[in-house]
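*Asks:* Okay, here's the structure, questions in a sec.
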Amino acid sequence: MGTVRYGYEAFPVYTRYHASILLHAARHNALAAGADSLWIPDHLNGFFPPSLATPDRAGLVRLAPDPDAFFEPWTSMGALAARNRFRRIPLGIGVTDAGRRNPAVTAQAAATVHHLNRGGAILGIGTGEREGNEPYGVDWSKPVGRFEEAIATIRALWDSGGEPISRDSAFFPLHNAKFAIPPKKGRWPQIWIAAHGPRMLRITGRYADAWYPASPQTPQQYAGRLEIVRTAASNAGRNPDAITPAIWLPVLTGRSRDEVEEVLDSDLARWWAVLASDSEWQRHGVTHPLGEGFGGGQDIVPQSLDEETVERCIKLAPPALIRESLLYGTPAELVDQVSEWRDHGVRYVVVQSANALRPSLIRGLMAEPSLIRFMRGLRRL
């Protein structure tokens, strides 16, 4: 086995033909590719504004008429665990919100899947995004402080040994709270933290089993941030090498380079760059069209944007940033690109297919075998 392990993330939305067909297709792809894990995102809706979710711009809409119709992830993971009896692989949530769910409920859900999947559950967790919180009345102030307290609460409940515990917290106080589910085979689910800013990176070093950021960032940026995580782990008396350096990467592939290149100028690929933060836009010499200091995907509420604003954003997307926001190329080229990430510290890659960005549904489906070939190729790294 190579030095880089890999997982595959599902796109669990409702389809008009079979409610969970994309979920089961993802499981099939993960098994066909020999993936080390299967992941499900936690969103109440997606990141694409309604004006882009049209059949002429997004082929996926012909299969899934509303890309915002996300299935609830923990329920979906229970269904996957039930189908995972004979070829069991770890199931990960990538990632759940720290504030939208009470951490006691998250601790319970993760422990439940861990038992149902015979000790194979991964709790990916982060601050979440504005779009999945604020529109639903969830307090979006102090997301990092809320996140840190959520992680501490989950650890406290898991470590309680079934005894009632009390804990002061500005966000999640415990008063004689009892958590009686035992660990599976003496182990709790691993905690993978989606961290990008300095404070979140330090929290990762103190609490996480893995660091699990998303793109866009360069391999060089990743290496610098990994050093912050490892320093924080060392300062907390932990072994820095015990924290798995992971990353989530959307992957656009196909049978030829020309087939891939034609997608990079599509409206959805351009929107992917809009989901980058203003700091990433500034790195390309441009201020984000949604304002200086804009946080990208974490701050965006897609359904609140009118069509004129959306068109202005995608028109201004820097071509270089579009390409940085995705891993793209033929299967062989993609393996070479991941080798660069490996050389900058990455040891675990979670892949999500970006072939749904294609205007043509048929071409997107035809590209999936190339995605599987790419993932199989990672075994050589």
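*Asks:* Does the stretch 264-272 contain at least one residue that is closer than 27 Å to SER370 by Cα and in a strand (DSSP E or B)?
*Replies:* Within the stretch 264-272, not a single residue is closer than 27 Å to SER370 by Cα and in a strand (DSSP E or B).
*Asks:* Out of GLY126, GLY145, I need the residue that is in contact with a strand residue (DSSP E or B) (Cβ under 6 Å, 6 or more places away or on another chain) and in contact (Cβ under 8 Å) with a residue 12 or more places away in the chain. Which one?
*Replies:* GLY126
*Asks:* I'm trying to understand the selection: among the residues of the stretch 10-45, which are polar (S, T, N, Q) and either at pLDDT below 85 or in a helix (DSSP H, G or I) (or both)?
*Replies:* Residues satisfying the conditions are SER20, ASN29.
*Asks:* Right, another one. For the condition buried (at least 18 other Cβ atoms within 10 Å of the Cβ), of a type in the set (Val, Ile, Thr) and in the same structural domain as GLU262 (by TED's automatic domain parsing), what is the one hit in VAL310, VAL335?
*Replies:* VAL335
*Asks:* Something else now. Pick out the one residue from ARG146, ARG118 that is assigned to a helix (DSSP H, G or I) and either over 17 Å from GLY297 (Cα atoms) or hydroxyl-bearing (Ser, Thr, Tyr) (or both).
*Replies:* Just one listed residue meets the conditions, ARG146.
*Asks:* Over 30 Å from GLY377 (Cα atoms), in contact with a His (Cβ under 6 Å, 6 or more places away or on another chain) and not in a helix (DSSP H, G or I) - does that describe any residue in the stretch 46-65?
*Replies:* no
*Asks:* Looking at the stretch 266-273, can you tell me whether even one residue there is surrounded by fewer than 16 Cβ atoms within 10 Å (Cβ to Cβ) and either aliphatic (A, V, I, L, M) or assigned by TED's automatic domain parsing to the domain that holds LEU365 (or both)?
*Replies:* no
*Asks:* Out of the stretch 285-303, which residues are loosely packed, with under 15 Cβ neighbours inside 10 Å and either more than 23 Å from GLY126 (Cα to Cα) or assigned by TED's automatic domain parsing to the domain that holds ARG358 (or both)?
*Replies:* GLY285, VAL286, THR287, GLY291, GLU292 - these are the residues of the stretch 285-303 that are loosely packed, with under 15 Cβ neighbours inside 10 Å and either more than 23 Å from GLY126 (Cα to Cα) or assigned by TED's automatic domain parsing to the domain that holds ARG358 (or both).
*Asks:* Checking the structure you have, find out if any residue of the stretch 327-348 is part of a helix (DSSP H, G or I), touching an Asp or Glu at 6+ places or on another chain (Cβ under 7 Å) and on the phi < 0 side of the Ramachandran plot.
*Replies:* The answer is no, given that none of the residues of the stretch 327-348 is part of a helix (DSSP H, G or I), touching an Asp or Glu at 6+ places or on another chain (Cβ under 7 Å) and on the phi < 0 side of the Ramachandran plot.
*Asks:* Can I ask one more? Just checking, how many residues over the stretch 177-224 are among the hydroxyl-bearing types (Ser, Thr, Tyr) and either outside the structural domain of TRP341 (by TED's automatic domain parsing) or without any contact (Cβ under 8 Å) to a residue 24 or more places away in the chain (or both)?
*Replies:* Residues that pass the stated criteria total 0.
*Asks:* Let me ask something additional. For the stretch 287-300, indicate whether the set of residues that are of a type in the set (Asp, Glu), touching a residue at least 12 places away in the same chain (Cβ under 8 Å) and over 30 Å from ASN29 (Cα atoms) is non-empty.
*Replies:* Checked the stretch 287-300: at least one residue is of a type in the set (Asp, Glu), touching a residue at least 12 places away in the same chain (Cβ under 8 Å) and over 30 Å from ASN29 (Cα atoms).
*Asks:* Counting only residues that are outside any helix (DSSP H, G or I), within 27 Å of ILE165 (Cα to Cα) and under 19 Å from the mean Cα position of the chain (by Cα), how many does the stretch 177-209 have?
*Replies:* Total meeting the criteria: 7.
*Asks:* Looking at the stretch 284-310, which of its residues are in a helix (DSSP H, G or I), touching a helix residue (DSSP H, G or I) at 6+ places or on another chain (Cβ under 8 Å) and among the charged types (D, E, K, R)?
*Replies:* If the condition is that a residue be in a helix (DSSP H, G or I), touching a helix residue (DSSP H, G or I) at 6+ places or on another chain (Cβ under 8 Å) and among the charged types (D, E, K, R), then GLU307 is the only one that fits.
*Asks:* When the stretch 354-363 is examined, which residues are found to be crowded, with 23+ Cβ neighbours inside 10 Å and either touching a Ser or Thr at 6+ places or on another chain (Cβ under 8 Å) or part of a strand (DSSP E or B) (or both)?
*Replies:* Matches in the stretch 354-363: ASN355, LEU357, ARG358.
*Asks:* Still on this structure, please answer the following. Out of all the residues in the stretch 85-115, which are out of contact with any Gly (no Cβ under 8 Å at 6 or more places or on another chain) and either touching a residue at least 60 places away in the same chain (Cβ under 8 Å) or part of a loop (DSSP other than H, G, I, E, B) (or both)?
*Replies:* Listed by number, the residues that qualify are ARG85, PHE86, ARG87, ARG101, ASN102, PRO103, ALA104, ALA107, GLN108, ALA110, ALA111, HIS115.
*Asks:* Tell me which of these ARG342 doesn't satisfy, since it passes every other one: (1) buried (at least 16 other Cβ atoms within 10 Å of the Cβ); (2) assigned by TED's automatic domain parsing to the domain that holds PRO135; (3) over 22 Å from the mean Cα position of the chain (by Cα); (4) among the charged types (D, E, K, R).
*Replies:* Only one criterion in (1) buried (at least 16 other Cβ atoms within 10 Å of the Cβ); (2) assigned by TED's automatic domain parsing to the domain that holds PRO135; (3) over 22 Å from the mean Cα position of the chain (by Cα); (4) among the charged types (D, E, K, R) is unmet by ARG342, namely (3).
The values are calculated or read from the model by the stated rules, or taken from the named source; none is laboratory data. What you are looking at is a predicted structure, and each value in this text was computed from that prediction instead of being measured. Glycine gets a Cβ as well: all are built from the backbone with ideal geometry, and neighbour counts include every protein chain shown.
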